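Everything below concerns the one structure shown next.
Please treat every number below as a calculation from the coordinates, not as lab data. Note that the structure is a prediction, hence the values are computed from the model and not measured. Virtual Cβ from ideal backbone geometry, glycine too; neighbours counted across all protein chains shown.
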Amino acid sequence: MKNEKFSTDEYNALAEVARGIKGRPSACVGRNTKRLSGLKLLSIARDGRYSLTDKGKELLFLRRCVVSLRALADDPAAQLDADVAMFLGKKSHIAPVEGGFTVTDKGRETLADIEAQQG
């Protein structure tokens, strides 16, 4: 999972499955089902229901963390979800300040590493 590159469409498919699919899955989920289930991010029950695996949940959470860290680096007043803020705080990527959070040096280094890997 660490070296896998995922498209926005694949992330959207995972997010849609996480929200829950009522009835027939969308075209986005249909296009990405084979790859995502092959990578063990998505499972399909015998009755046709889609669900995220633990690995899929972890991937979505880490993406939320990266997106939040980028948003905080761009705008110190950005709001973070409680679970993301707690995780990033434990990892010393952000530090609490009056009125929100700030990105630490470690957080900036992590963002630079992520940008270097994606670039």
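Summary of computed values
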read-out	value
Over the chain: helical MRE at 222 nm, DSSP H runs n ≥ 4 each giving -39500 (n - 2.57), nearest 500	-18500 deg cm²/dmol
Net dipole in debye of the chain [+1 Lys, Arg Cβ; -1 Asp, Glu Cβ; about Cα centre; nearest 20]	780 debye
Length released on extending from ALA116 to ASP75, taking residue separation times 0.36 nm less the Cα-Cα span	12.6 nm
